[in-house]
Structure formats: C-alpha cells, structure tokens
Amino acid sequence: MTDNQTNKQPPKILSFIKTLLQIILYIPIQIIFIPVAIIGLTDGIYKGIIKSRKMGVSFSACRSLQYKWFMHYFNIRPDPLSIAFTKKFPCESHFGLLSTFGALIISQRLFGFTTRLGKVDEKGEETFISFAGPRVLMFDCIMEKYIDEMEQLVLPGAGFDLIALQFTKGKKIKVFELDQVKTLDVKVETLEKTGIKHDWITYIPVDYSNESWVDKLLGAGFDKTKKTLFLWQSVSLFLEAELVKETLREMADLCADGSIIAQDFYSQAFISGEASKTVKRAARMIEKREPWKFGIDMRNEPNAAVESFLNECGLRMTGISQFGEKLGIEPFYCIVEAEKL
Ligand SMILES: C[S@@+](CC[C@H](N)C(=O)[O-])C[C@H]1O[C@@H](n2cnc3c(N)ncnc32)[C@H](O)[C@@H]1O
C-alpha cells in the first residue's frame, strides 16, 4: 500500500468510534419503534406467510418483491413501482416492513448507520448472504443493454417483478409475462388496485410442469421471427433438471437471429446446502413451499460447466458473471447471457 492510499483510509479506531456512536444513536430510535414493530411484524407474518399460502401465490416471488422494497428504502435502487405495488399487495405488509425496519431506515438517512441491507458488494465480491441486491442490479443492466434493440420481451416465471413495466413503458415492444395462474391473477389485480397501467403486457398463466408454455406463448401472439429478449430470472432452481433443459431447448427454438436469453444458475452445492448451511436454514420457509431442485456442478471450472450445460440445450454462452469470483470462494451463482447455437 502506498502512503497516499494509507492516508485515504480512516484509521481503524476512528471508524470503530464512528460505528459505536451510530449504534448509540440507533438504539433509542429502535426502542421507540418496538411497540409499532410488534404490530407490524404480526401483520407481515400473517400476510406474507399465512395469507400468501391461502391464496396459493409463489412465496419466492413474494420474497423477491420484498427485496426490491429494501433496495428502495435503503437507497440502493429507486423503485416507486414496487413500493406502490407493495402497498396494495395482499401478501405483504408495507406497514409491517416500515415499522420493522423504520429505525434502520431513519438511522441510515440521518447519520449514515448502514447495515447489510444498505450496502451493495462490488462486482465479483458478492457472498452467499449479500448477493440478492447485485443480482437485481445486474438484471437491470441486461435490460438496459438490450431492450432498445429488441422487438419482444418474454419473462417466464415473472412473479411480482415489475422490471418489464419499468423498462418498456412507452416503447414499441411486445411483452409477455408467464407464471402460475394464482400468482399472475394476484399480480394483475394488485396492479389494477394500484392504478399502474400495464395494458401493453400480455400475462400468460401456465404451469411448466404439466402444460406447454410454448403453445401458450405462441397462442398469445408471440412471433418467432422477431428479435426477443428472454429474461429467466431465478426460476430454474425450482424445476427438475430435465425440465430446465427442455425449457431452454424450447427457448432456443423460439429465438430469431439476434435474440438473447438471460438467466441465472445456482451451484449444486448451494442448492443442496453443502456450500452454506446458514443460507439453507434461512431459506427454509421458501424451501418448504417451493423446493430447490436444480443446480449446476460448479466445483471445477464453473464457466466451462455452465457453457457445456448451455451447449446441451442448443445455446451458446455470450457472457457470464460469476458471483464472488474475486473472493476465491467456491462458485455458487452466476448470471449468464446466451444465444441460439
Ligand atoms: C423466485 S421467483 C422469481 C420471480 C421473478 N423472476 C423475480 O426474479 O423476481 C420464481 C418464480 O417462478 C415461478 N415458477 C416456479 N415453478 C413454476 C412452474 N412450474 N410453472 C410456472 N411458473 C413457475 C414461480 O411462480 C415464481 O413466480
């Protein structure tokens, strides 16, 4: 380290004192919030766990939406659409989130007290417990990179993600979102209650495991001759390996020249819990309702493993971001761009 670099780093003792002061300021704010947080948390648990189960909506899709809420309020990624949606969404409590995390939000805004929820890792430095934010930001980058050159956008397993609304409003592009019927019904009802316009998006209810998503997509007006961006985000882990392969082969078949398939893959070790018991424990609630099934063996040469898997599905890998790469940890997650072979 040069003298210059040393000078730029605040001495450790100063940073320790700063954090200590922030904690001292944070504690009374948190204490004030406790009574309201208890009510909010109860409402959150009721809506997020009991009501979502009764309504039969995807629990993992609810968690993805919740993360967007955190990213908005902790100043990482402004997302007014997801906030407006959450306020009317029957399976989440906006009040519950605000009352539970209000003290942290205020402390971050008033005196810079930042927890994991308010930070984003540098590219390549993502860890098991911190990669949800970088994952969202990277898919945003993929949308920004391709959306203007595409004629169609397809999101199989869109859940409660509003990325299509955010990036395609006012653009001449056909958009198709697919997901299970109950999840899509609740999504459309909530958009309507919120007053968010969505009339340029075609919502297609389908269960990949027993219906042909391709037939449904073609029936809804998808045009095989048009340049398309497929965004398959955090869906493959919930499907059997054969179904993942079949779905990707079908996607490849639907690709006109210049089309792109962007998707993410988890490692087998991550899915099985071998890589991190803490993550597996934390994900227990999701797992109970939507078991994790598919991962790629990434222990040796992860990029080559992903590339060879894509080749088997009739795809050529054009880009890969392997999370945690700079940390030298065992590969656990990657986001990949591919085109038809
Ligand atoms: C983790 S969520 C991801 C949602 C969204 N892509 C995102 O990243 O926010 C997984 C989604 O896959 C959908 N999914 C899982 N299995 C499915 C199946 N067999 N048929 C249709 N959709 C399915 C779920 O309903 C859920 O919305």
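The values are calculated or read from the model by the stated rules, or taken from the named source; none is laboratory data. Quick caveat: nothing in here was measured; it's all calculated off a predicted structure. Positions of Cβ are backbone-derived with ideal geometry, glycine not excepted, and every protein chain shown enters the neighbour counts. We work out accessible area using only protein heavy atoms, side chains counted, and drop any ligands, DNA or RNA first. Shrake-Rupley method; radii C 1.70, N 1.55, O 1.52, S 1.80 Å.
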Q: Determine the pairs where a residue that is β-branched (Val, Ile, Thr), located within segment 309-330, has a partner that is open to solvent by 70 Å² or more (accessible area, probe 1.4 Å) with Cβ atoms under 9 Å apart, the partner being 6 or more residues away or on another chain.
A: Ile320/Glu307
(Q) Among the residues of segment 237-271, what is the count of those that are small (Gly, Ala, Ser) and either without any contact (Cβ under 8 Å) to a residue 12 or more places away in the chain or within 13 Å of the ligand (Cβ to nearest atom) (or both)? (A) 1
Q.
Being under 26 Å from Ile142 (Cα atoms), acidic (Asp, Glu) and buried (at least 16 other Cβ atoms within 10 Å of the Cβ) is the filter here; which residues of segment 254-297 pass it?
A. Asp264
Q: Taking only segment 57-77 into account, find how many residues are within 12 Å of the ligand (Cβ to nearest atom) and touching a Pro at 6+ places or on another chain (Cβ under 8 Å).
A: 0
Q) Is it the case that some residue within segment 92-100 is part of a helix (DSSP H, G or I), under 22 Å from Gly195 (Cα atoms) and either under 13 Å from the mean Cα position of the chain (by Cα) or within 15 Å of the ligand (Cβ to nearest atom) (or both)? A) no
Q. Any chance segment 219-236 includes a residue that's part of a helix (DSSP H, G or I), within 14 Å of the ligand (Cβ to nearest atom) and either touching a strand residue (DSSP E or B) at 6+ places or on another chain (Cβ under 7 Å) or at pLDDT 95 or above (or both)?
A. yes
(Q) Among the residues of segment 125-156, what is the count of those that are more than 9 Å from the ligand (Cβ to nearest atom) and either in a helix (DSSP H, G or I) or over 18 Å from the mean Cα position of the chain (by Cα) (or both)? (A) 18
Q: State the number of residues belonging to segment 171-213 that are in contact (Cβ under 8 Å) with a residue 40 or more places away in the chain, assigned to a helix (DSSP H, G or I) and either open to solvent by less than 20 Å² (accessible area, probe 1.4 Å) or hydroxyl-bearing (Ser, Thr, Tyr) (or both).
A: 6
Q: For segment 294-341, enumerate the residues that are of a type in the set (Asp, Glu) and in a strand (DSSP E or B).
A: Glu337, Glu339
Q) What residue, of Lys54, Lys47, is closer than 20 Å to Gln180 by Cβ, assigned to a helix (DSSP H, G or I) and either within 16 Å of the ligand (Cβ to nearest atom) or without any contact (Cβ under 8 Å) to a residue 12 or more places away in the chain (or both)? A) Lys54
(Q) If I ask for residues that are basic (Lys, Arg) and either within 20 Å of Ser15 (Cβ to Cβ) or open to solvent by 50 Å² or more (accessible area, probe 1.4 Å) (or both), which ones from segment 68-123 would you list? (A) Lys87, Lys88, Arg109, Arg116, Lys119, Lys123
Q.
Being in contact with a Pro (Cβ under 9 Å, 6 or more places away or on another chain) and within 15 Å of the ligand (Cβ to nearest atom) is the filter here; which residues of segment 157-203 pass it?
A. Phe176, Glu177, Leu178, Asp179, Gln180, Val181, Lys182, Thr183, Leu184, Asp185, Val186, Thr190
